[in-house]
Amino acid sequence: MFETITYEVPAERVTRISLNRPETRNAQNTKLLYELNDAFDKASADDDISVIILAANGPHFSAGHDLREPDPIGSLKDYDTVGTWCGFSCDGAEGWMAREKELYQGLSERWRNIPKPTIAQVQGKCIAGGLMLVWPCDLIIASEDASFSDNTVSMGMTGVEFFGHPWELGARKAKEMLFTSDFVSAQDAHRLGMVNQVVPAADLESSTLALASRIAAKPLFALKLAKESVNAAADAQGRVSAMQTAFALHQLGHSHNMQVHGLPIDPRGAGGLVEAPKK
């Protein structure tokens, strides 16, 4: 059924969805994101499932967006979009913003509001777009070798489209992460409250599954209401409006880079994955 993810039920009332592009360090192309959304929908609609684990195959959780995907905007025509934004084929900033509103900010927000507890199981590197997979989850369990980075400022951008940094790390550490593009260790992420537990790499899968099973034993309706309550508290603090502002500034960054470099990002910070058009 799926090509870029796997879907299994490893324990009673628990689903585990795993990213399955290890040859690309689980870089996210359009197919992976829509298959992941379909898998989340499948688990959400299954009344026999109470908890969803998001994991990844291979040594690293995710290298972020797949910058080598050909025709990223045109690829949307092959999928049924799930948001209400439109104009994917429009020229200039309009088409690019529409894609990111749908695939990045839109899907991440949608996954945050899945009415069941979700747990991210993270090993190795989790970079930029990878954060937009783990931050929507309710809990994060990390292996001791896990580390997290948003390197988008190096590419002339403001931060990833689902701008959760201040809520996940606090304002000062969020600025440090963005300004330096340095990795945040699993241990620091735990200390700051972004990660719930740090466990030995050999125990990551079993520890995450044990936690999921403990949660799955609780009444599902109560779990749904508890999640809704905590999410509402964060939204009342201004999370939604702050994310909308950050997303708008992100689009300004793309527009600026297109004018200066002919690309939506500054190629000098992309590690050779993209090249500026020849003049």
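Provide the packing ranking of 13-24, 153-164, 253-264, i.e. peptides ordered by the mean count of other C-beta atoms within 10 Å per residue, highest first.
Working: 13-24: 19.8, 153-164: 22.8, 253-264: 15.7.
My ranking of the peptides, most packed first, is 153-164, 13-24, 253-264.
Determine which lysines satisfy two conditions relative to K116: a Cα distance under 18 Å, and not lying fewer than 8 residues away in the same chain.
K42, K218, K224, K227
Per residue, how many Å² of accessible area does the chain show with a 1.4 Å probe?
Numbers: 12960 Å² over 279 residues.
For the chain, the per-residue accessible area is 46 Å².
Using a probe of 1.4 angstrom, how much of the accessible area of the chain is carbon and sulfur, in percent? Don't skip to the answer; put the middle values down first.
On the way: 7060 of 12960 Å².
In the chain, the share of accessible area belonging to carbon and sulfur is 54 percent.
Using the Cα atoms as the points, what is the convex hull volume per residue of region 136-277 in Å³? The partial results should precede the final answer.
On the way: hull volume 18.3 nm³, N = 142.
About 129 Å³ per residue, rounded to a whole number.
When DSSP assigns beta bridges and you keep just the ones with both residues in the chain, what percent turn out antiparallel, to the nearest 5? All intermediate terms of the calculation are to be shown ahead of the outcome.
Working: 7 of 28 bridges.
Of the beta bridges lying entirely in the chain, close to 25 percent run antiparallel.
When all C-alpha to C-alpha distances in region 1-101 are sorted into bins of 5 Å, what percent of pairs does each bin hold, rounded to whole numbers?
That works out to 2, 12, 20, 19, 18, 14, 9, 4, 1, 0, in percent per bin.
Quick check on the chain: helices-only [θ] at 222 nm, where DSSP H runs of length 4 and up contribute -39,500 (n - 2.57) each and the sum goes over total residues. Nearest 500, please. Intermediate values should be presented prior to the final figure.
Details: 10 runs with 110 residues, N = 279.
That comes out to -12000 deg cm²/dmol.
Which whole-Hz couplings ³J(HN,Hα) result when phi for each residue of region 59-66 is put into the Karplus expression 6.51 cos²θ - 1.76 cosθ + 1.60, θ = phi - 60°, listed in order with x for Gly and Pro?
Listing the rounded values in order: x, 10, 5, 6, 8, x, 5, 7 Hz.
Taking every pair of Cα atoms in region 40-81, average 1/r, invert it to obtain the Kirkwood radius, and report Rg/Rh to two decimals. Before the final figure, lay out each step's value.
On the way: Rg = 15.1 Å, Rh = 13.7 Å.
Expressed as Rg/Rh, it is 1.10.
Please list, or write none, the aspartates and glutamates whose alpha carbon is within less than 16 Å of the alpha carbon of K278, excluding same-chain residues fewer than 8 places away.
Straight-line reach from K278, under 16 Å: D266.
Across all directions of projection, what mean area in square nanometres is found for the Cα convex hull of region 206-279?
Working: hull surface 35.1 nm².
If you wrap the Cα atoms of region 206-279 in a convex hull and average its projections, you get 8.8 nm².
What relative contact order, as a whole-number percentage, does the chain give when Cα pairs under 8 Å and 6 or more residues apart are counted? Please list the in-between numbers first.
Working: 500 pairs, mean separation 49.1, N = 279.
After rounding, I find 18 percent.
Which one of Q187, V260, I119 is farthest out on the positive end of the charge dipole of the chain, using unit charges on Cβ (Lys, Arg +1; Asp, Glu -1) and the Cα centre as origin?
Sorting the options by dipole projection puts first Q187.
Looking at region 40-185, what % of its DSSP beta bridges pair antiparallel, to the nearest 5?
On the way: 2 of 13 bridges.
If we restrict to bridges inside region 40-185, about 15 percent are antiparallel.
Starting with the highest mean, order 141-147, 271-277, 45-51 by the number of other Cβ atoms within 10 Å, averaged over the residues of each peptide.
Highest-to-lowest ranking by the protection proxy: 141-147, 45-51, 271-277.
Plugging the Kirkwood radius over Cα pairs into Stokes-Einstein for the chain, at a temperature of 37 °C and a viscosity of 0.692 mPa s, what D comes out in µm²/s? Intermediate results must be reported in sequence, preceding the final value.
Numbers: Rh = 19.1 Å.
Value of D from the Cα-based Kirkwood radius: 172 µm²/s.
Which three extents, in whole angstrom, do the alpha-carbon atoms of region 3-52 cover along their principal axes, largest first?
Principal extents (largest minus smallest coordinate, Cα): 32, 18, 14 Å.
The values are calculated or read from the model by the stated rules, or taken from the named source; none is laboratory data. Quick caveat, the model's predicted, so the values are computed rather than measured. Virtual Cβ from ideal backbone geometry, glycine too; neighbours counted across all protein chains shown. With ligands, DNA and RNA removed, areas are computed over all heavy atoms of the protein, side chains included. Shrake-Rupley method; radii C 1.70, N 1.55, O 1.52, S 1.80 Å.
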